[in-house]
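Here's the structure, in structure tokens; my notes come after.
The values are calculated or read from the model by the stated rules, or taken from the named source; none is laboratory data. The shown structure was predicted, so the numbers you read here are calculated from the model rather than taken from an experiment. Backbone-built Cβ (ideal geometry, glycine too); neighbour counts: all protein chains shown.
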Amino acid sequence: AQSVSQHNHHVILSEAASLELGCNYSYGGTVNLFWYVQYPGQHLQLLLKYFSGDPLVKGIKGFEAEFIKSKFSFNLRKPSVQWSDTAEYFCAVNAGYNQGGKLIFGQGTELSVKP
Amino acid sequence: EAQVTQNPRYLITVTGKKLTVTCSQNMNHEYMSWYRQDPGLGLRQIYYSMNVEVTDKGDVPEGYKVSRKEKRNFPLILESPSPNQTSLYFCASSSLWTGQETQYFGPGTRLLVL
């Protein structure tokens, strides 16, 4: 069965620090990959997504992610975090149309940015 | 404004008392889905619907039912709620699902089953 693993459950950083959140998935075929963010008290919204082409994907608010097929990874990065980036971040994968509508989420990583 | 709405936002109920959480979207989306969010487990898909009258199980469908009689609505039904269904529930929708579309999430429904 497909699974998505996020290595860090809670990350604490100071403002201006660099961020990298790990995400690994277990499906060996073609995948569609997503990062969603949930700000405190709000619903999930899309940060970025990848399904083909350039493996380095840029999203909103200065976030980017790199798809490394050989490592089954899709890590999220930001060069310099801000206090407003405090949120929970979810990696998600869909293994293509032949997997129907299933979207598998990781456990989430809570990011706390200290001002 | 394009949005997914859920009602109620908060609900406290007792074991065995049937309840329905409504979900509605105004974006003419074909695809709709329900998730539950639990600490340390992330979001897990309960049911999804590719279009009207087309529904299928997600990863944790036990104890839940859904229906899709109209394109805009996708209610989640708990026929006999139990305490292990205490959770935060999200509805989501997207355009015709090929696996690449962005899902738009509702604000969530926090359910407590006593």
Review point. Do you know which residues across the range B:56-90 are over 17 Å from B:LYS17 (Cβ atoms), surrounded by 21 or more Cβ atoms within 10 Å (Cβ to Cβ) and touching a Leu at 6+ places or on another chain (Cβ under 9 Å)?
Key: B:GLY58, B:VAL66, B:PHE90
Practice item. Inspect the range A:67-87 for any residue being touching a residue at least 12 places away in the same chain (Cβ under 8 Å), closer than 30 Å to B:LEU96 by Cβ and within 9 Å of chain B (Cβ to nearest Cβ) and give the result as yes or no. Key: no
Check your understanding: Would the range B:38-50 turn up any residue that is hydrophobic (A, V, I, L, M, F, W, C), closer than 19 Å to A:GLN42 by Cα, within 11 Å of chain A (Cβ to nearest Cβ) and in a strand (DSSP E or B)?
Key -> yes
Practice item. Answer with yes or no whether A:HIS43 is more than 13 Å from the chain's Cα centre (by Cα) and within 28 Å of B:THR5 (Cα to Cα). Key: yes
Check your understanding: Which of the residues spanning the range B:53-76 are within 14 Å of chain A (Cβ to nearest Cβ) and part of a loop (DSSP other than H, G, I, E, B)?
Key -> B:GLY58, B:ASP59, B:VAL60, B:PRO61, B:ARG68, B:PHE74
**Study point:** Failed criterion for A:TYR50 (all others in (1) more than 14 Å from chain B (Cβ to nearest Cβ); (2) surrounded by 13 or more Cβ atoms within 10 Å (Cβ to Cβ); (3) free of Cβ contacts under 8 Å to residues at least 40 places away in the same chain hold)
**Key:** (1)
Exercise for review: Can you give me the number of residues within the range B:91-109 that are at the interface with chain A (Cβ under 9 Å from one of its Cβ atoms) and either free of Cβ contacts under 8 Å to residues at least 60 places away in the same chain or under 14 Å from B:SER24 (Cβ atoms) (or both)?
Suggested key: 9
Practice item. Go through the range B:68-89 residue by residue and tally those that are free of Cβ contacts under 8 Å to residues at least 60 places away in the same chain and in contact with a strand residue (DSSP E or B) (Cβ under 7 Å, 6 or more places away or on another chain). Key: 11
Point to revise | Lone qualifier among A:VAL31, A:VAL57 - being free of Cβ contacts under 8 Å to residues at least 24 places away in the same chain, buried (at least 20 other Cβ atoms within 10 Å of the Cβ) and over 18 Å from B:LEU41 (Cα atoms) | key: A:VAL57
**Study point:** Residue list for the range A:91-112, filter: under 17 Å from B:SER94 (Cβ atoms), facing chain B (nearest Cβ under 7 Å) and either touching a Leu at 6+ places or on another chain (Cβ under 8 Å) or modelled with pLDDT of 95 or more (or both)
**Key:** A:ASN94, A:PHE105
Exercise for review: Hey, could you check the range B:5-48 for residues that are over 19 Å from B:SER82 (Cβ atoms), under 11 Å from the mean Cα position of the chain (by Cα) and among the hydrophobic types (A, V, I, L, M, F, W, C) and say which is surrounded by the most Cβ atoms within 10 Å (Cβ to Cβ)?
Suggested key: B:MET32
